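S.K.: Below are the structure tokens for one structure; questions will follow.
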Number of protein chains: 2
Amino acid sequence: MRIQKLNDVSRRNLLEDLLKRSPNQYREYEGKVEEILERVRIEKDKALFAYTEQFDHAHLTAKTVKVTDEEIEEAYEKVDPNLVDVIRKAIANIRSYHEKQKRNSWFDSNPDGTILGQKITPLHRVGVYVPGGKAVYPSSVLMNVIPASIAGVDEIVMVTPPDREGKVNPNTLVAAREAGVDVIYKVGGAQAIAALAYGTESIPKTDKIVGPGNIYVALAKKAVYGHVSIDSVAGPSEILVIADESANPRYVAADLLSQAEHDELASAILVTTSMELAEKVSVEIEQFLKTLSRADIIRKSLDQYGYILVSDTMDEAVDTANEIASEHLEILTKNPFDIMTKIRNAGAIFLGEYASEPLGDYFAGPNHILPTNGTAKFFSPLSVDDFIKKSSIISYSREALEKVHKDIEYFAEAEQLTAHANSIRVRFEEKR
Amino acid sequence: MRIQKLNDVSRRNLLEDLLKRSPNQYREYEGKVEEILERVRIEKDKALFAYTEQFDHAHLTAKTVKVTDEEIEEAYEKVDPNLVDVIRKAIANIRSYHEKQKRNSWFDSNPDGTILGQKITPLHRVGVYVPGGKAVYPSSVLMNVIPASIAGVDEIVMVTPPDREGKVNPNTLVAAREAGVDVIYKVGGAQAIAALAYGTESIPKTDKIVGPGNIYVALAKKAVYGHVSIDSVAGPSEILVIADESANPRYVAADLLSQAEHDELASAILVTTSMELAEKVSVEIEQFLKTLSRADIIRKSLDQYGYILVSDTMDEAVDTANEIASEHLEILTKNPFDIMTKIRNAGAIFLGEYASEPLGDYFAGPNHILPTNGTAKFFSPLSVDDFIKKSSIISYSREALEKVHKDIEYFAEAEQLTAHANSIRVRFEEKR
């Protein structure tokens with residue numbers, strides 16, 4: 001793996017490389033996606049089933065689109081009981097972490113009769129998109145569904161494309177049931193997003209759509225945003241490791257590779273103050289690549305978006321991490337908590353040599369759906385907050401309003417909103 | 001104002017009417033907006049100043065684009081001291097309410113050496129758009145800026161279009177200074193959004209752009225979303241009043257009118273269990289219209305989007321309010337808090353006869369930037385949460401990881417992510 005000195009040139013090159021991964025140029029798909037959205041919005045089930053026939057080669061009807069209890073029971077028979085066991089352990093940790101994110105409505109009252117507050121209400125119905133195909137990720141089902149469940153969402157609807165026989169992957173079904181999905185429909189692609197956004201005869205309209213998908217799904221979600229809410233659109237995965245000379249090069253190498261295997265656009269970056277570590281990590285990577293099943297993908301990812309950067313100081317390394325705002329950040333230094341306090345931008349921060357990134361993907365409890373592509377500067381991990389909304393609460397007594405009514409009328413008049421001023425004034429006019 | 005029985009037909013008509021206000025059909029502007037964004041992204045200041053010359057007829061340079069301290073001092077001389085005084089009182093209330101929204105980072109530790117947490121970090125730099133032109137709303141400056149200030153944003157950048165002399169409205173400047181804006185640039189329109197999203201020689205790139213604007217501004221914000229964060233796109237204003245026979249018809253009428261005056265697309269709806277109240281409110285509205293300065297706008301708004309609906313039961317009224325999910329909801333009933341518990345969807349809820357909606361617009365403290373057009377089903381008022389982001393924190397001891405490492409490896413293998421499994425396994429391999 002290439003080793004470079006961290007300086008203005010290498011930093012700029014790196015940032016430019018990473019930007020290339022942005023999904024900007026998808027105009028060609030937009031027209032098709034809009035056509036699908038529009039047809040499903042108008043023709044509902046008819047269009048939904050026609051597209052499912054066309055794209056998934058599965059023949060569905062209003063009677064077969066919904067996964068039955070029998071199908072879920074069958075799935076449990078097919079899935080390795082060990083996996084069910086591990087899923088349950090992971091769920092316990094994920095629930096425990098996300099429970100701590102729950103927030104209460106609050107009110108604040110004043111003896112003059114003023115009550116101000118913020119009411120928290122869960123979303124009513126949420127749609128979770130789960131991709132089909134060869135790569136099936138039950139962990140992703142858990143991470144999307146559990147925060148919604150803990151927020152108190154009334155109905156969690158899952159959609160996932162069927163195979164040609166109209167069946168859904170059993171691992172997906174088991175993960176969905178274990179995580180608390182209420183109902184599952186066998187539809188995928190932009191047509192599934194349309195169904196969740198507008199509703200059809202079979203599939204109810206939802207308030208928010210979350211979950212990863214291919215470019216059609218991503219564009220469809222973006223197009224329906226505003227009509228419903230969506231989570232942010234996920235980009236390729238990233239890891240950045242900050243390490244000093246105390247880090248174990250074998251661990252660092254293994255952790256870089258764990259993200260590089262996701263896909264060819266994934267990015268793995270080490271920033272270290274130790275040239276010796278840099279060289280050892282590079283050697284370890286070559287060793288591991290001889291045995292890993294996804295070595296081809298990893299090589300392509302590392303060639304394009306993999307970097308080992310050697311910095312003069314730890315402060316420089318931290319600045320670079322903050323500038324890149326990586327999805328995953330590992331800190332493998334003598335005092336990782338000291339470094340953590342200086343980190344402003346990262347989706348998830350892994351501290352010390354036993355907090356390997358896959359621990360967070362599967363098991364520790366925090367969400368693995370994280371901001372990518374530098375968006376950790378302003379976006380957050382998926383959380384319970386994504387499945388609630390707030391309403392302000394305002395109550396005033398006559399006494400409380402009387403004290404300030406002239407100020408409000410004055411302010412409204414200054415903005416030339418005379419009917420605003422009138423609605424305050426009328427409360428204090430002489431009785432007619 | 002038209003009075004109708006609340007039933008399936010009137011409810012459906014009403015929802016269809018409201019939907020007509022959705023800003024869906026703006027294709028014609030999109031090309032122009034993208035051209036502006038692209039030119040400012042590439043040519044930076046040069047394009048920014050050229051567009052300012054073209055659209056605002058103001059000649060600006062890198063030296064004059066930034067509002068100077070002298071210009072702000074001049075503004076204070078021009079603004080009525082009473083307004084400054086009222087602005088300061090409003091700021092105290094807005095700060096006090098938003099302070100209660102602040103959240104702390106938290107950590108949770110376990111004796112086996114596990115630490116999990118959530119780190120809260122303010123956004124680094126935020127851009128606030130403030131419209132120019134005839135309608136100047138200093139209250140809106142306060143509502144956008146104060147939550148950012150309380151969140152701890154390092155730099156709050158404001159942009160607002162100049163007049164032909166290259167000047168900015170003094171009320172806007174004073175509100176900005178009082179609220180805590182760090183720097184103000186005299187640019188507006190899509191070109192200002194481009195500058196905030198990409199940065200130019202004069203204007204720094206920001207992490208999030210908030211604030212209302214015309215259709216060019218709204219489309220530009222939507223287009224840069226993902227590259228930076230944005231607030232939600234504001235639609236026309238709305239009020240829904242739930243009232244029973246105990247309500248004062250004069251207050252109800254005045255409050256409906258206060259929203260209808262905003263613009264011709266604004267919507268004012270009364271749902272009441274009392275036909276007598278409905279009739280009285282309709283009469284009061286006609287009375288008020290004789291004297292209000294914005295009567296022409298109000299009439300157009302009421303003709304198109306104003307409704308008085310009479311329901312058989314309070315439950316029906318509540319259901320309708322939840323279905324419409326109004327930006328502002330007033331509850332003028334004998335026991336408003338009882339009704340409030342049943343409200344799921346509303347931006348801000350005003351309780352009782354002295355919580356008139358303009359109290360919330362100007363003074364009480366909660367934010368007046370609220371979800372419109374039914375989006376209160378899934379969006380929230382602007383808050384301190386909009387100006388922070390979260391990072392997950394994960395730290396495990398060797399002991400803690402050892403207990404679960406086989407489970408994680410198993411889960412990763414089940415998803416065929418072998419490099420993920422490897423990164424855990426390598427921590428427990430025999431020493432080489």
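S.K.: Working only within region B:72-119, note down all residues that are of a type in the set (Val, Ile, Thr), outside any helix (DSSP H, G or I) and either closer than 30 Å to residue A:118 by Cβ or touching a Pro at 6+ places or on another chain (Cβ under 6 Å) (or both).
M.R.: Within region B:72-119, the first condition is being of a type in the set (Val, Ile, Thr), and the residues that meet it are B:72, B:79, B:84, B:86-87, B:91, B:94, B:114-115.
Add one more test, that the residue is outside any helix (DSSP H, G or I), and what stays is B:79, B:114-115.
Those that are of a type in the set (Val, Ile, Thr), outside any helix (DSSP H, G or I) and either closer than 30 Å to residue A:118 by Cβ or touching a Pro at 6+ places or on another chain (Cβ under 6 Å) (or both): B:79, B:115.
S.K.: Let me ask something additional. Quick one: would you say residue B:104 is over 30 Å from residue A:93 (Cα atoms) and within 28 Å of the chain's Cα centre (by Cα)?
M.R.: Working: over 30 Å from residue A:93 (Cα atoms): no; within 28 Å of the chain's Cα centre (by Cα): yes.
No: the conditions fail for residue B:104.
S.K.: Turning to a different aspect of this structure: From the list A:129, A:51, which one is over 30 Å from residue B:412 (Cα atoms), under 28 Å from the mean Cα position of the chain (by Cα), in contact (Cβ under 8 Å) with a residue 40 or more places away in the chain and more than 10 Å from chain B (Cβ to nearest Cβ)? Please lay out each step first, then the result.
M.R.: Working: A:129 fails: over 30 Å from residue B:412 (Cα atoms).
Selected residue: A:51, the only one of A:129, A:51 that is over 30 Å from residue B:412 (Cα atoms), under 28 Å from the mean Cα position of the chain (by Cα), in contact (Cβ under 8 Å) with a residue 40 or more places away in the chain and more than 10 Å from chain B (Cβ to nearest Cβ).
S.K.: Considering A:374, A:360, which residue is closer than 23 Å to residue B:422 by Cβ and of a type outside the set (A, V, I, L, M)?
M.R.: Working: A:374 fails: closer than 23 Å to residue B:422 by Cβ.
Exactly one residue qualifies, and that residue is A:360.
S.K.: Could you tell me how many of the residues in region B:239-269 are under 24 Å from the mean Cα position of the chain (by Cα) and over 14 Å from residue B:352 (Cα atoms)? First the steps, then the outcome.
M.R.: Keep residues of region B:239-269 that are under 24 Å from the mean Cα position of the chain (by Cα), which gives B:239-242, B:255-269.
So of that shortlist, the ones also over 14 Å from residue B:352 (Cα atoms) come out as B:239, B:256-269.
Counting residues in region B:239-269 that are under 24 Å from the mean Cα position of the chain (by Cα) and over 14 Å from residue B:352 (Cα atoms) gives 15.
S.K.: Kindly indicate which of B:76, B:26, B:51 is at pLDDT below 95, of a type outside the set (A, V, I, L, M, F, W, C), in contact with a helix residue (DSSP H, G or I) (Cβ under 9 Å, 6 or more places away or on another chain) and farther than 30 Å from residue B:277 by Cβ. Give the steps one after another, and end with the answer.
M.R.: Values: B:76 fails: at pLDDT below 95; B:51 fails: at pLDDT below 95.
B:26 is the lone residue from the list that is at pLDDT below 95, of a type outside the set (A, V, I, L, M, F, W, C), in contact with a helix residue (DSSP H, G or I) (Cβ under 9 Å, 6 or more places away or on another chain) and farther than 30 Å from residue B:277 by Cβ.
S.K.: Among (1) surrounded by fewer than 24 Cβ atoms within 10 Å (Cβ to Cβ); (2) part of a loop (DSSP other than H, G, I, E, B), where does residue B:157 come up short?
M.R.: All conditions pass for residue B:157, except number (2).
S.K.: Now for a different question. Condition test on residue A:84, is it in contact with a strand residue (DSSP E or B) (Cβ under 8 Å, 6 or more places away or on another chain) and within 27 Å of residue A:179 (Cβ to Cβ)?
M.R.: Taking the combined requirement at face value, the residue does not satisfy it.
S.K.: Going through region B:263-279 one residue at a time, which ones are crowded, with 19+ Cβ neighbours inside 10 Å and in a helix (DSSP H, G or I)?
M.R.: Matches in region B:263-279: B:277, B:278.
S.K.: OK, next. Select from region B:398-423 the residues that are among the acidic types (Asp, Glu), more than 14 Å from residue A:85 (Cα to Cα) and within 7 Å of chain A (Cβ to nearest Cβ) and list them in ascending order.
M.R.: The initial filter retains those residues of region B:398-423 that are among the acidic types (Asp, Glu), namely B:399, B:402, B:407, B:409, B:413, B:415.
Now drop any that are not more than 14 Å from residue A:85 (Cα to Cα), which leaves B:399, B:402, B:413, B:415.
Selection gives B:415 alone.
S.K.: On to the next question. Is it true that residue A:235 is within 14 Å of chain B (Cβ to nearest Cβ) and within 27 Å of residue B:424 (Cα to Cα)?
M.R.: Details: within 14 Å of chain B (Cβ to nearest Cβ): yes; within 27 Å of residue B:424 (Cα to Cα): yes.
In short, yes.
S.K.: When you look at residue B:121, is it over 21 Å from the mean Cα position of the chain (by Cα) and within 14 Å of chain A (Cβ to nearest Cβ), yes or no? Before the answer, list the steps.
M.R.: Details: over 21 Å from the mean Cα position of the chain (by Cα): no; within 14 Å of chain A (Cβ to nearest Cβ): yes.
No.
S.K.: Can you name the residue in region A:259-303 that is polar (S, T, N, Q) and closer than 12 Å to residue A:238 by Cβ and is also farthest from the other protein chains (Cβ to nearest Cβ) among such residues?
M.R.: Step one: of region A:259-303, the residues polar (S, T, N, Q) are A:259, A:267, A:272-274, A:282, A:287, A:291, A:293, A:301.
When the remaining residues are screened for being closer than 12 Å to residue A:238 by Cβ, the result is A:259, A:267, A:301.
Values: A:259: 8, A:267: 14, A:301: 11 Å.
So, considering only residues that are polar (S, T, N, Q) and closer than 12 Å to residue A:238 by Cβ, the one farthest from the other protein chains (Cβ to nearest Cβ) is A:267.
S.K.: Right, next: Is one or more of the residues making up region A:113-132 more than 24 Å from residue A:372 (Cβ to Cβ), touching a helix residue (DSSP H, G or I) at 6+ places or on another chain (Cβ under 8 Å), β-branched (Val, Ile, Thr) and crowded, with 20+ Cβ neighbours inside 10 Å?
M.R.: So far as region A:113-132 goes, yes, one or more of its residues are more than 24 Å from residue A:372 (Cβ to Cβ), touching a helix residue (DSSP H, G or I) at 6+ places or on another chain (Cβ under 8 Å), β-branched (Val, Ile, Thr) and crowded, with 20+ Cβ neighbours inside 10 Å.
S.K.: Let me ask another. So which of A:70, A:35 ends up being within 27 Å of residue A:137 (Cβ to Cβ), at pLDDT 95 or above and surrounded by fewer than 17 Cβ atoms within 10 Å (Cβ to Cβ)?
M.R.: Working: A:35 fails: within 27 Å of residue A:137 (Cβ to Cβ).
Unique residue meeting the criteria: A:70.
S.K.: Quick one: in region A:304-334, which of the residues that are polar (S, T, N, Q) and either within 19 Å of residue B:391 (Cα to Cα) or in contact with a strand residue (DSSP E or B) (Cβ under 8 Å, 6 or more places away or on another chain) (or both) is farthest from the other protein chains (Cβ to nearest Cβ)?
M.R.: Let us first name the residues in region A:304-334 that are polar (S, T, N, Q), namely A:304, A:311, A:313, A:320, A:322, A:326, A:333.
Filter again for either within 19 Å of residue B:391 (Cα to Cα) or in contact with a strand residue (DSSP E or B) (Cβ under 8 Å, 6 or more places away or on another chain) (or both), leaving A:311, A:320, A:322, A:326, A:333.
Details: A:311: 21, A:320: 15, A:322: 9, A:326: 10, A:333: 13 Å.
If we take residues in region A:304-334 being polar (S, T, N, Q) and either within 19 Å of residue B:391 (Cα to Cα) or in contact with a strand residue (DSSP E or B) (Cβ under 8 Å, 6 or more places away or on another chain) (or both), then A:311 is farthest from the other protein chains (Cβ to nearest Cβ).
S.K.: Going by the structure shown, is residue B:378 free of Cβ contacts under 8 Å to residues at least 24 places away in the same chain, more than 7 Å from chain A (Cβ to nearest Cβ), closer than 30 Å to residue B:272 by Cβ and of a type in the set (A, V, I, L, M, F, W, C)?
M.R.: Numbers: free of Cβ contacts under 8 Å to residues at least 24 places away in the same chain: yes; more than 7 Å from chain A (Cβ to nearest Cβ): no; closer than 30 Å to residue B:272 by Cβ: yes; of a type in the set (A, V, I, L, M, F, W, C): yes.
So residue B:378 does not fit the description; no.
S.K.: Next question. Considering only residues that are within 11 Å of chain B (Cβ to nearest Cβ) and among the β-branched types (Val, Ile, Thr), which ones fall in region A:69-93?
M.R.: A:79, A:84, A:86, A:87
S.K.: Could you tell me which numbered condition residue B:146 fails, if it satisfies all but one of (1) more than 11 Å from every other protein chain (Cβ to nearest Cβ); (2) touching a strand residue (DSSP E or B) at 6+ places or on another chain (Cβ under 9 Å); (3) crowded, with 22+ Cβ neighbours inside 10 Å?
M.R.: For residue B:146, the failing item is (2).
S.K.: Conditions: (1) surrounded by 13 or more Cβ atoms within 10 Å (Cβ to Cβ); (2) closer than 30 Å to residue A:98 by Cα; (3) touching a strand residue (DSSP E or B) at 6+ places or on another chain (Cβ under 8 Å); (4) not acidic (Asp, Glu). Residue B:98 meets all but one. Number of the miss?
M.R.: Unmet for residue B:98, out of (1) surrounded by 13 or more Cβ atoms within 10 Å (Cβ to Cβ); (2) closer than 30 Å to residue A:98 by Cα; (3) touching a strand residue (DSSP E or B) at 6+ places or on another chain (Cβ under 8 Å); (4) not acidic (Asp, Glu): (3).
S.K.: Consider residue A:204 against the criteria (1) more than 14 Å from chain B (Cβ to nearest Cβ); (2) out of contact with any helix residue (DSSP H, G or I) (no Cβ under 7 Å at 6 or more places or on another chain); (3) not basic (Lys, Arg): it satisfies all of them except one. Which criterion is unmet?
M.R.: (1)
S.K.: On the basis of being surrounded by fewer than 23 Cβ atoms within 10 Å (Cβ to Cβ), in contact (Cβ under 8 Å) with a residue 24 or more places away in the chain and at the interface with chain B (Cβ under 7 Å from one of its Cβ atoms), does residue A:392 make the cut?
M.R.: So residue A:392 fails the test.
The values are calculated or read from the model by the stated rules, or taken from the named source; none is laboratory data. All values reported here derive from a predicted model rather than from experimental measurement. Here Cβ is always computed from backbone atoms with ideal geometry, including for glycine, and neighbour counts include all displayed protein chains.
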